[in-house]
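Engineer: Here's a structure for you.
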Amino acid sequence: MGNYTISDVGTPWRPTDEDYNTNYPAIKRYLREIVELCRLSDAKCSTSTDVYIKNPKETRESAHYLIPVADQEQYSIGFIREAGPDSKNAYETTVDAIAETATKVMTNAANGYVNMMSWQRFRRPFLSQKGYFGLVPDTAAVGDVVVVFEGAKFPYVLRKCEDEVEEKYTLVGEAYVHGIMYGEFAEQPKESERKAFRMR
């Protein structure tokens, strides 16, 4: 199990059912915040060892367009899979469509991309102290810890209970950490000591 303290968070992504694909200013702001957190991660890792051991260049170059959709794409109604090579183009056409205030029509690719972004509602982008980035629940905050439990399918966010004598944590929710969701973490050297978390 690894754990990563959150050092930066972006604005919570909370579009409504009515405006998730038409509120261009909100979409633009959200995508820009993710790009900025990617830059901050690059800066952190340029002065130390890159946290991404496996394919670091590819992992970093894909982050800005895979994080908004948690590395997922819809390939048929109701069916989702790991994002493929078309995701970059879908992202670019989305950015192009929202560059002008509602003067361009969303392409099918852009509509599909924004639809996948809507699946990530009630999350916010984050950056860890070590340079990992991704999405956490919208209630997550700086100082919370992203953990990867042994045998768990997803990373989770925990918050230390301030009023406890013993060190205990509450569960905040599930996270998407870019670059470690498909077993990559298991192949990397452990960056922190193993720790048992006592839950409240």
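The values are calculated or read from the model by the stated rules, or taken from the named source; none is laboratory data. Model, not experiment: these values are computed from the prediction. We place every Cβ from the backbone using ideal geometry, glycine too, and count neighbours over all the protein chains shown.
Condition check ((1) within 20 Å of S118 (Cβ to Cβ); (2) among the β-branched types (V, I, T); (3) in contact with a Phe, Trp or Tyr (Cβ under 7 Å, 6 or more places away or on another chain); (4) part of a helix (DSSP H, G or I)) across all residues:
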position: D19; (1), (2), (3), (4): yes, no, no, no
position: T22; (1), (2), (3), (4): yes, yes, no, no
position: Y52; (1), (2), (3), (4): no, no, no, no
position: T94; (1), (2), (3), (4): yes, yes, yes, yes
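Engineer: Still on this structure, I have one more. Return yes or no: is V147 in contact with a Leu (Cβ under 7 Å, 6 or more places away or on another chain), surrounded by 13 or more Cβ atoms within 10 Å (Cβ to Cβ) and of a type in the set (A, V, I, L, M, F, W, C)? Before you say what the answer is, go through the steps one by one.
Structural biologist: Numbers: in contact with a Leu (Cβ under 7 Å, 6 or more places away or on another chain): yes; surrounded by 13 or more Cβ atoms within 10 Å (Cβ to Cβ): yes; of a type in the set (A, V, I, L, M, F, W, C): yes.
So V147 passes the test.
Engineer: L31 versus (1) out of contact with any Gly (no Cβ under 9 Å at 6 or more places or on another chain); (2) surrounded by 14 or more Cβ atoms within 10 Å (Cβ to Cβ); (3) not in a helix (DSSP H, G or I): which is the lone unmet condition?
Structural biologist: Evaluating L31 over (1) out of contact with any Gly (no Cβ under 9 Å at 6 or more places or on another chain); (2) surrounded by 14 or more Cβ atoms within 10 Å (Cβ to Cβ); (3) not in a helix (DSSP H, G or I) leaves (3) as the failure.
Engineer: Moving to a separate point now. Among the residues of region 92-104, is there at least one that is surrounded by fewer than 21 Cβ atoms within 10 Å (Cβ to Cβ), in contact with a strand residue (DSSP E or B) (Cβ under 7 Å, 6 or more places away or on another chain) and hydrophobic (A, V, I, L, M, F, W, C)?
Structural biologist: Taking every residue of region 92-104 in turn, none turns out to be surrounded by fewer than 21 Cβ atoms within 10 Å (Cβ to Cβ), in contact with a strand residue (DSSP E or B) (Cβ under 7 Å, 6 or more places away or on another chain) and hydrophobic (A, V, I, L, M, F, W, C).
Engineer: So E18 fits all but one of (1) surrounded by fewer than 18 Cβ atoms within 10 Å (Cβ to Cβ); (2) over 26 Å from S128 (Cα atoms); (3) touching a residue at least 12 places away in the same chain (Cβ under 8 Å); what number is the exception?
Structural biologist: Of (1) surrounded by fewer than 18 Cβ atoms within 10 Å (Cβ to Cβ); (2) over 26 Å from S128 (Cα atoms); (3) touching a residue at least 12 places away in the same chain (Cβ under 8 Å), only one is false for E18: (3).
Engineer: How do the pairs read when you match residues in region 161-175 that are farther than 20 Å from D138 by Cα with residues anywhere that are outside any strand (DSSP E or B) and at pLDDT 80 or above, using Cβ under 9 Å and keeping only pairs 6 or more apart or on different chains?
Structural biologist: Taking only residues 6 or more apart or on different chains, the pairs are E167/C161; K168/C161.
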